[in-house]
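The values are calculated or read from the model by the stated rules, or taken from the named source; none is laboratory data. These numbers were taken from a predicted model, which means no experiment stands behind them. Heads up, the Cβs are rebuilt from the backbone with ideal geometry, glycines too, and the neighbour counts pull from every protein chain shown.
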Amino acid sequence: MTVVVGGPLAGPDGLLRCPWGATGPDDYRAYHDTEWGVPVHGEDRLYERLCLEAFQSGLSWLTILRRREGFRAAFAQFSIARVAAFDDSDRARLLADAGIIRNRAKIDAAIANASAAQALQGGLDALVWSFAPTRRKAAPKRLSDVPAVTEESTALAKELKRKGFRFVGPTTAYALMQACGLVNDHLKGCVSR
């Protein structure tokens, strides 16, 4: 077997995974194996992923994973309709909630994004998935083959911003595309590919 530097690694169970899912904490392995890259549909489910990707900006994904239940409780299970109705007392409650990332700009963006999602003609699911690449690309062999931004993520970010969404740059949009299965960036040889 040829080992590719930066390629899949064997985890504790001997299965080859993307390096971040093979050698990190169990939280990463579970997320890698059961969620990352699996197609996600549904308005509230996509809104949740969009919010979590925005909150992750500048932080470790592990921080978000370990606080996900806190985020769900704080943001009404990411119900678009309920979050869109949040008011100043909800903002104050969120800023005081140690179970989430207490960043005012990100909290305000999550609330504004619920209103923007609610106003979309056709819904968030249709909008996000309309930017899924139409041509299949070759499986990346190493982490360095995985882009941080693509033409599609740049276009998705631009359209989301045009529709009133905040905290959705091209890198965040690409992370959303990876997490929600619009693209498959599991490395060649990874058990989840």
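Taken over the stretch 20-48, residues that are of a type outside the set (Asp, Glu), crowded, with 18+ Cβ neighbours inside 10 Å and either free of Cβ contacts under 8 Å to residues at least 12 places away in the same chain or not in a loop (DSSP other than H, G, I, E, B) (or both) amount to 8. Note on the stretch 124-136: residues that are surrounded by fewer than 16 Cβ atoms within 10 Å (Cβ to Cβ) and touching a residue at least 12 places away in the same chain (Cβ under 8 Å) amount to 2. When residue 117 is tested against the conditions (1) part of a loop (DSSP other than H, G, I, E, B); (2) surrounded by 15 or more Cβ atoms within 10 Å (Cβ to Cβ); (3) among the aliphatic types (A, V, I, L, M), the lone failure is (1). Residues that are of a type in the set (Lys, Arg) and surrounded by 13 or more Cβ atoms within 10 Å (Cβ to Cβ) were ranked within the stretch 65-92; the one that is farthest from the chain's Cα centre (by Cα) is 91. Being in contact with a helix residue (DSSP H, G or I) (Cβ under 8 Å, 6 or more places away or on another chain), under 18 Å from residue 193 (Cβ atoms) and small (Gly, Ala, Ser) is the filter here, so list the residues in the stretch 123-140 that pass it. Listed by number, the list holds a single entry, 132.
Checking each residue in the stretch 99-141 for being over 20 Å from residue 77 (Cα atoms), at pLDDT 95 or above and among the charged types (D, E, K, R) picks out only 141.
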